[in-house]
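Here the structure comes first, spelled out in structure tokens, and everything after it is commentary.
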Amino acid sequence: ARRLSPSGKRLLASLPAGARGIADAVAALSEYSLLTPADSGTVQVHRLVQAVTVSQMPVRVAAAWRSVAAVLIEQVIPEATDMPDAWPVCAMLLPHARAVLAADSDGMARMARYLGASGNYTAARDLWRTIAGARERSFGPEHPDTLVAKSGLANMTGEAGNPESARSMCRMLLPIADKVLGPEHPKTLRVRANLAGYTGRSGDPVAARNMFAALLPVHERVFGPEHPNTLSVRTNIAGWTGMAGDDLGARNLYRELVPIRQRVLGPD
């Protein structure tokens, strides 16, 4: 959670704790028509009520409440936003996160991952671009958090339909990741894998196959032979082997992989 000012800490401490306190607060506000209880334990506040409330606050109080809201929103964003069971919560929280979270925050990055994982590649690309710019201004161009954001931007640029630009972005990012994180850091290996994938999607399946083949022993050493990241590399080798014209070789590679993936990841 972001660092709160003393006034923000006092406001946070003043909020109702527990289901009973929250229910009492909702009931009191409902009596004055300041909010409307909605389904699934949520409440709705009319935009005009929001605007009037904020306009009547002193600037310092409004800033403190905004900081408190950011802390609360960031704490309830799921950690694994790439998992489908987290997507309904993320969809509900996204407009609130956009309203109060800093662009360079971890919570906003989790929202970008949700957008990409759920298939909204263009929105994910645009959000990663905003995050990358904010982190570069806040932390510097070679900070690990900035590199993560730039990697996300490159990946979503490719997923949004521009693999050539994604390949170029990964190619520029890779030597920086090598220098800052190390050549076998998991985040560096992800950039290398993305570079291989977008090389193939840019029209060079042979190079993609060879790049993934070079990655395999590194992944086996860093993650282990049956780690999901390693299995993903093996799957890409099989896929790009087929795209390079060797259908029989691809079939045999997939045949070896199926029982391993079923055992490690489950049949579904």
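The table for this structure:
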| item | result |
| --- | --- |
| Spread of Cα-to-Cα distances over 5 Å intervals beginning at zero, given as percent, for the stretch 191-235 | 6, 27, 31, 22, 11, 4, 0 |
| Rg to Rh quotient for the stretch 27-66, alpha carbon positions, Kirkwood Rh | 1.04 |
| Degrees, to the nearest 10: 205-222 long Cα axis against longest axis of the chain | 70 |
| Förster radius 51 Å - calculated FRET efficiency between M172 and V258 (Cβ-Cβ, nearest 0.05) | 0.90 |
| Most mobile of S118, S232, S33 in a GNM of the chain (Cα contacts under 10 Å) | S33 |
| Answer label, with Cα Rg over 2.2 N^0.38 Å calculated from the coordinates and candidates [x] 1.25; [y] 1.19; [z] 1.03 | [x] |
| Heavy atoms of T157 accessible to a 1.4 Å probe, total area in Å² rounded to 10 | 10 |
| Carbon + sulfur, % of accessible area of the chain - ligands and nucleic acids excluded, 1.4 Å | 56 |
| Residues whose placed amide H lies under 5 Å from that of V43, excluding near-sequence neighbours | A38 |
| Helix axis angle, 144-159 relative to the chain longest principal axis, alpha carbon, degrees | 70 |
| Cα gyration tensor shape for the stretch 139-246, rounded if a/c is under 1.5, else prolate or oblate | oblate |
| Sites L265 and R10 - FRET efficiency at Förster radius 45 Å, r taken between beta-carbons, to 0.05 | 0.40 |
| Computed Kirkwood radius, in angstrom, where 1/r is averaged over Cα pairs of the stretch 84-163 | 12.5 |
| FRET efficiency, 1/(1 + (r/R0)^6) with R0 45 Å, evaluated for F139 and R221 via beta carbons | 0.90 |
| Cα→Cβ-extended label distance, 7 Å offset, between A207 and T42, nm | 4.6 |
| Angle in degrees between helix 228-243 and the longest Cα principal axis of the chain, rounded to the nearest 10 | 50 |
| Whole-angstrom Cα spans of the stretch 184-268 along principal axes, big to small | 32, 32, 21 |
| For the stretch 103-257, with +1 on Lys and Arg beta carbons and -1 on Asp and Glu, the positive-most of N236, G249, L216 along the dipole | N236 |
| Convex hull volume of the stretch 1-144 per residue (C-alpha atoms, cubic angstrom) | 141 |
| Percent RCO, i.e. relative contact order, over the chain, from Cα pairs under 8 Å lying at least 6 residues apart | 9 |
| List H46, H219, H96, H227, ordered by accessible area with a 1.4 Å probe, largest first | H46, H96, H227, H219 |
| Extension gain (nm, one decimal) between A214 and L72, 0.36 nm per residue minus Cα-Cα | 46.7 nm |
| Euclidean distance between Cα centres, the stretch 68-129 to the stretch 184-237, Å | 27 |
| Å² of accessible area per residue within the stretch 125-268, as computed with a 1.4 Å probe and no ligands counted | 51 |
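The values are calculated or read from the model by the stated rules, or taken from the named source; none is laboratory data. These numbers come from a predicted model, not from an experiment. Here the Cβ is made from the backbone with ideal geometry for all residues, glycine too, and neighbour counts use every protein chain on show. The area values use the complete protein model at the heavy-atom level, side chains included, leaving out ligands, DNA and RNA. Shrake-Rupley method; radii C 1.70, N 1.55, O 1.52, S 1.80 Å.
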